[in-house]
Amino acid sequence: MLSDKPLSNLDRLWCGPLLKRKDHAAETRSFKWGWSCGACSLSSVDMKTQSLGKSKLISTRLAYGNMRCVGTWNPADATPEVRARGVKAHVAAYEAGYTHFDSADIYCAGVCEEVLGQTMREVSGMRDRIIVATKCGIRFGGNPKPDSPGRYDFSADYIRACCDASLKRLGVETIDLYHLHRPDVLMNPAEIAPVFDDLHKSGKVKVFAVSNFMPTTLAALQKHVNVPIEVNQVEIHLGRLDPFVDGTLDQCIERTITPTAWSPLGGGWLGTGRDAPRNNPNNAKWTLLQQLLDKIAAEHETSRTVIALAWLMKHPSRIIPIIGSVKPENIKEAAKADDVELSREEWYQIYVAARGQNMP
Ligand SMILES: NC(=O)c1ccc[n+]([C@@H]2O[C@H](COP(=O)([O-])OP(=O)(O)OC[C@H]3O[C@@H](n4cnc5c(N)ncnc54)[C@H](OP(=O)(O)O)[C@@H]3O)[C@@H](O)[C@H]2O)c1
């Protein structure tokens, strides 16, 4: 998306260093979408990119997720100060080179979408350079009646209403990547097909995705919907290895679907050094794993976080980790995983440690 706008200061910040590079023209050709400013299609930060599925959307190899950006699930607690901190985290991710921003309508009841929208309004040109991703389909208890249970809802009317509400909160005309958040047991793919067609034709949604879908559920949906499902966002990290063996990543490779990994640091324990993942009493195993990650990190002159992310990114399905930190230094640090190449031996060493048992 080239434009004839004059360069803003931020554009200069982003593009200045690369404008001087001899290979600028050659590199520009490799960025089809999502990277552009007033003058060129590059950023000053060289994060590698990849297509999302077979679509034309180009994402950086790591994405930024904003679920924690206001630090609360209660919208009443999302004061202007808290929102400003959320904006700061988004700006840090943008400046670190991330071009894929993941949100959901349920994150702080829509506040996180609003904070992403606020950031895009405050940062000139950001909207045109990033993938705006969000999700629908989860309903909390008490909605619409006091005794309504927490549930999932892929009914046509609900998806349409959610999409309109997200567009408004984000302040955009198009959601680039729209996910069904968690499989609705009552999902009827034939009911979803015309909704997706309409959202796509009207320009409200560019590309469709699912989240937490087993391969069979994804196949059932795809059999009926005309638009391709290009992404499956699932929980993958060293404390949750199921997608490697339950067919999820096999299906991604077979159908050229991009897997995105939520909680790629297990919600934090792979970064900070807290003892164990949630709900897992096997502390000894996790301590050994953390020690191994630290050893490999030292050999690569990097951090445990970076190794845990690079480990995900080595898988041939081309997993995109979604970073959830709100600290600018951690957001920047995570982006270094882009540059680390683990050997097959290192990869299996880590895998075996995370399994807690040798390969059969
Ligand atoms: N589809 C779904 O069902 C689903 C579910 C959950 C999440 N998600 C998506 O996935 C995104 C990421 O999830 P997550 O936040 O659980 O991811 P995560 O990256 O595994 O965890 C982030 C947490 O780790 C902490 N952390 C500790 N050390 C860190 C380090 N060195 N580097 C980075 N973070 C460190 C962060 O704290 P600091 O902020 O202090 O750095 C933050 O609290 C969400 O924002 C959301 O977009 C999707």
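The values are calculated or read from the model by the stated rules, or taken from the named source; none is laboratory data. Since the structure is predicted, the reported quantities are computational estimates derived from the model, not experimental observations. Glycine gets a Cβ as well: all are built from the backbone with ideal geometry, and neighbour counts include every protein chain shown.
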Q.
Restricting to segment 311-330, name every residue that is closer than 15 Å to residue 268 by Cβ and out of contact with any strand residue (DSSP E or B) (no Cβ under 6 Å at 6 or more places or on another chain).
A. 325, 326, 327, 329, 330
Q) If you take the residues of segment 328-359 that are in a loop (DSSP other than H, G, I, E, B) and either over 23 Å from the mean Cα position of the chain (by Cα) or within 7 Å of the ligand (Cβ to nearest atom) (or both), which of them is surrounded by the most Cβ atoms within 10 Å (Cβ to Cβ)? A) 356
Q: Identify, by number, the condition in (1) within 15 Å of the ligand (Cβ to nearest atom); (2) over 23 Å from residue 143 (Cα atoms) that residue 73 doesn't meet.
A: (2)
Q) Would it be correct to say that residue 127 is out of contact with any helix residue (DSSP H, G or I) (no Cβ under 8 Å at 6 or more places or on another chain) and basic (Lys, Arg)? A) no
Q.
Here's a check for you: in segment 263-290, which residue that is in a helix (DSSP H, G or I) and either under 23 Å from residue 332 (Cα atoms) or within 14 Å of the ligand (Cβ to nearest atom) (or both) is modelled with the lowest pLDDT?
A. 272
Q.
So the check is Cβ under 6 Å with 6+ separation or different chains; which pairs have a first residue in segment 116-142 that's assigned by TED's automatic domain parsing to the domain that holds residue 154 and free of Cβ contacts under 8 Å to residues at least 60 places away in the same chain and a second one that's part of a loop (DSSP other than H, G, I, E, B) and of a type in the set (A, V, I, L, M, F, W, C)?
A. 132/172; 134/104; 137/154; 138/106
Q: State whether the residues of segment 101-112 include one that is closer than 18 Å to residue 332 by Cα and either of a type outside the set (Ser, Thr, Tyr) or more than 14 Å from the chain's Cα centre (by Cα) (or both).
A: yes
Q. Could you count how many residues in segment 291-327 are within 12 Å of the ligand (Cβ to nearest atom), part of a helix (DSSP H, G or I) and over 17 Å from the mean Cα position of the chain (by Cα)?
A. 4
